[in-house]
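The next block holds one structure in the form of structure tokens; read it before the comments.
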Amino acid sequence: MNSFHRYLLKRLVYVLLNLVGLSVVVFCITVVLPGNAAETILGRYATPENVATLERELGLHRPHHVQYLDWVAGFVTGDWGTSFRHNRPVFDLVVTRGIRSAYLAVISLVAIVAVSIPAGIIAAVYSESTLDAGITGLAYVGISVPEFVTGTGLLVLFAGPVWSVFPAGGYTPLSAGGPVEWASHLVLPVITLTFLSIAHLVRLTRTEMIETLQSEYVRTARLKGLDERTVVLKHAVRNGLLPTVTLLAMNVGYLVGGVVVVEEVFAYPGLGRLLVGAVLHRDIPVLQATVLLVAGIYMFANLGADLLYTYFDPRISYGSSAR
Amino acid sequence: MGSQHTGRRSTAENALRDRLKNGLCEVFANRRCAIGIAILAPIVFTTVLAPVIAPHNPTETHMGAQFAAPGGEFLLGTDHLGRDLLSRVLYGGRSSLVLGFAAAGVSMLVGVPLGLASGYLGGRIDEGVMRLLDMLLSIPSLLLALLIVALLGSSLLNAVLAIAVVYTPRIARVVRSSTLAVKQEEFIKAAEARGESRVYICFGEILPNILSPIIVEGSIRIGFAILIGASLSFLGLGTQPPTPDWGYMISIARDHLWSTTWYWLWPSLWLGLTVFGCNLLGDGLQDVLDPQSHVSKRP
């Protein structure tokens with residue numbers, strides 16, 4: 001087992017430990033919440049007898065640790081319980097909604113990279129120019145304006161009184177409305193998410209590129225007589241973009257929050273809206289499953305980014321940088 | 001860092017006072033800080049004075065004057081219930097500002113001692129605290145906030161607590177790494193040799209020397225706390241109606257976009273400017289106080 005494998009194993013163990021910790025917290029919600037699950041389901045019909053019967057049916061009378069282990073076993077085998085609110089298996093609900101959110105997240109992530117890295121490189125190459133000021137300024141506005149403001153602004157411009165080009169919200173499945181109809185519902189949410197997340201990537205790409213462009217080896221490449229285009233694109237970009245890989249993984253975290261809010265803005269029936277509905281209506285099985293799933297994806301995305309980073313940068317040793 | 005000739009207390013105090021004085025001058029000289037303050041000062045001022053300067057009661061409805069355009073009796077227009085938008089925007093800043101400062105404050109109150117203890121004591125305590133904080137950090141911010149709101153119920157106070165929990169680990173980490181750097185210094189060794197208590201060393205010797213990163217971190221966190229708090233209100237999980245709140249106003253304005261866009265514009269403008277001002281101020285403070293650590297920070 002070499003040092004890389006040991007590092008990988010250690011990181012995997014940490015991710016699993018974090019997930020176990022989170023699952024305990026998430027499970028505790030059912031125990032701590034005022035009014036237990038049986039009362040919540042029964043609502044107006046929560047007579048003491050009814051509650052007792054349902055508690056027995058749901059297994060709520062058993063000790064907490066037994067319930068927890070049972071719940072974890074169910075989660076691992078795909079039995080995620082039944083939604084109080086939708087009266088459907090949580091697994092089906094989460095998968096259907098999750099795929100829709102995944103479209104949104106993946107397309108946005110691609111758009112973020114496609115916009116921010118070239119923008120950052122341009123800002124660095126023409127640093128201190130008006131173009132640079134414009135790009136950095138716009139990126140700064142992007143961080144300061146919350147996604148629900150940008151999103152609603154886009155609705156005003158493109159789906160309302162000004163130009164009614166795109167649908168104001170909702171979703172049409174690919175199979176029902178064809179690709180154009182499907183994509184028309186995604187355009188505005190994707191623009192919103194992209195605008196929200198490019199700022200940091202632009203700024204980081206710019207700083208890293210400026211630093212790299214001033215380094216010894218770039219000067220050597222220039223002195224060799226290579227044209228500026230080759231110097232920037234072939235030599236500088238490679239090194240300058242390393243830290244952006246890590247930041248991209250961090251962006252997945254903001255994207256999670258962004259997706260939740262953006263889905264609400266555009267009434268997009270994805271995982272985020274499901275989650276907000278679950279919080280509002282205390283739909284606990286849905287809440288538990290969604291939080292665990294999304295946090296799990298985020299943790300693995302981070303792990304993946306760290307591994308990519310170490311892969312690209314051979315100077316990093318695995319032993320000491322385990323954190 | 002400190003010459004020990006003149007007695008440690010007075011040296012430390014003088015150094016601190018000098019640094020604060022120079023710091024304040026530099027803060028106002030920094031362009032980003034100056035612009036940030038220029039944006040924030042009027043907003044904070046008018047928000048605090050809302051009861052005095054607001055022309056109407058923010059929850060008073062004027063039937064027959066719904067969706068009034070700006071101008072006349074209602075300077076910024078009215079909403080779907082005929083409530084004065086200017087008054088609502090002015091009052092609406094209160095929950096945002098309270099939330100920003102309170103959440104940042106609570107997370108500092110918990111995060112600073114945690115980071116100090118973890119960094120200075122090291123060993124098992126450090127390991128345990130950091131594992132726990134890492135777990136909290138491994139959950140996306142808004143997701144964690146939602147989880148806590150689900151647990152506690154939706155209200156302004158619970159939103160403050162939720163955001164404080166989200167930011168405590170971030171503050172504790174900054175404090176811990178700064179503590180680790182200062183811990184090696186001679187004057188800490190001297191204090192240990194004098195037999196000072198650990199509590200004194202943490203709060204009397206280390207803390208004054210790591211104020212810069214703490215101030216920078218805190219100022220950045222206020223902006224983000226306002227942002228995430230507004231998001232919670234937008235989702236209907238923060239401030240509860242009829243209390244005016246920027247995030248909640250924007251969420252309702254979305255349903256009336258065809259009738260009026262002013263309703264959406266004003267709270268968006270105020271919220272955007274506030275966060276923009278906080279970000280500028282935070283970045284400027286970082287330039288002034290902590291120029292080495294220009295790493296990107298976000299929620």
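The values are calculated or read from the model by the stated rules, or taken from the named source; none is laboratory data. Worth saying up front: this structure is predicted, and the values here are computed from it rather than measured. Note that we place each Cβ from the backbone using ideal geometry, even for glycine, and neighbour counts take in every protein chain shown. Areas reflect the complete protein model, heavy atoms only, side chains present, ligands, DNA and RNA absent. Shrake-Rupley method; radii C 1.70, N 1.55, O 1.52, S 1.80 Å.
Within region B:81-93, does at least one residue satisfy the condition of being open to solvent by less than 50 Å² (accessible area, probe 1.4 Å), modelled with pLDDT under 85 and part of a loop (DSSP other than H, G, I, E, B)? Yes, some residue in region B:81-93 is open to solvent by less than 50 Å² (accessible area, probe 1.4 Å), modelled with pLDDT under 85 and part of a loop (DSSP other than H, G, I, E, B).
Among the criteria (1) farther than 30 Å from B:Ala145 by Cβ; (2) open to solvent by 10 Å² or more (accessible area, probe 1.4 Å), the one B:Arg176 does not fulfil is (1). Applying the criterion of being crowded, with 19+ Cβ neighbours inside 10 Å and more than 7 Å from chain B (Cβ to nearest Cβ) to the residues of region A:136-152, the residue that is farthest from A:Val187 (Cα to Cα) is A:Ala139.
The single residue among B:Asn279, B:Asn209 that is in a helix (DSSP H, G or I) and open to solvent by 20 Å² or more (accessible area, probe 1.4 Å) turns out to be B:Asn209. Counting only helices (runs of 4 or more DSSP H) that sit completely within region A:42-130, those holding 2 or more residues that are open to solvent by 80 Å² or more (accessible area, probe 1.4 Å) and modelled with pLDDT under 85 correspond to A:48-58, A:64-76.
Comparison of A:Tyr254, A:Tyr318 shows that the only residue that is modelled with pLDDT under 85 and facing chain B (nearest Cβ under 9 Å) is A:Tyr254. Flag: B:Ile148 does not match the condition of being in contact (Cβ under 8 Å) with a residue 24 or more places away in the chain and under 30 Å from A:Leu255 (Cβ atoms).
Taking the criterion of being open to solvent by 30 Å² or more (accessible area, probe 1.4 Å) and either within 37 Å of the chain's Cα centre (by Cα) or closer than 15 Å to A:Pro118 by Cα (or both), the residues of region A:216-240 that qualify are A:Tyr217, A:Glu228, A:Arg229, A:Thr230, A:Leu233, A:Lys234, A:His235, A:Arg238, A:Asn239.
Table: residues versus (1) open to solvent by 30 Å² or more (accessible area, probe 1.4 Å); (2) within 18 Å of B:Ile215 (Cα to Cα); (3) touching a Lys or Arg at 6+ places or on another chain (Cβ under 7 Å).
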residue	(1), (2), (3)
B:Ala102	yes, yes, no
B:Met108	yes, yes, no
B:Gly111	no, yes, no
B:Leu114	yes, yes, no
B:Gly123	yes, no, no
B:Asp126	no, no, no
B:Leu132	yes, no, no
B:Leu142	no, no, no
B:Leu147	no, no, no
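Among the candidates A:Ala295, A:Ala278, A:Ala305, A:Ala289, the residue that is open to solvent by less than 40 Å² (accessible area, probe 1.4 Å), of a type in the set (A, V, I, L, M, F, W, C) and within 20 Å of A:Ala114 (Cβ to Cβ) is uniquely A:Ala305.
Return yes or no: is B:Ile250 without any contact (Cβ under 8 Å) to a residue 24 or more places away in the chain and either among the hydrophobic types (A, V, I, L, M, F, W, C) or assigned to a helix (DSSP H, G or I) (or both)? The answer is yes for B:Ile250.
Report the residue count in region A:256-278 for those that are under 15 Å from B:Ser251 (Cβ atoms) and either part of a helix (DSSP H, G or I) or under 13 Å from the mean Cα position of the chain (by Cα) (or both). Residues in region A:256-278 being under 15 Å from B:Ser251 (Cβ atoms) and either part of a helix (DSSP H, G or I) or under 13 Å from the mean Cα position of the chain (by Cα) (or both): 10 in total. Pairing residues of region A:149-178 that are in contact (Cβ under 8 Å) with a residue 12 or more places away in the chain and part of a helix (DSSP H, G or I) with residues that are among the basic types (Lys, Arg) and surrounded by 14 or more Cβ atoms within 10 Å (Cβ to Cβ), at Cβ distances under 6 Å and at least 6 apart in sequence or on separate chains, gives A:Thr152/B:Arg254.
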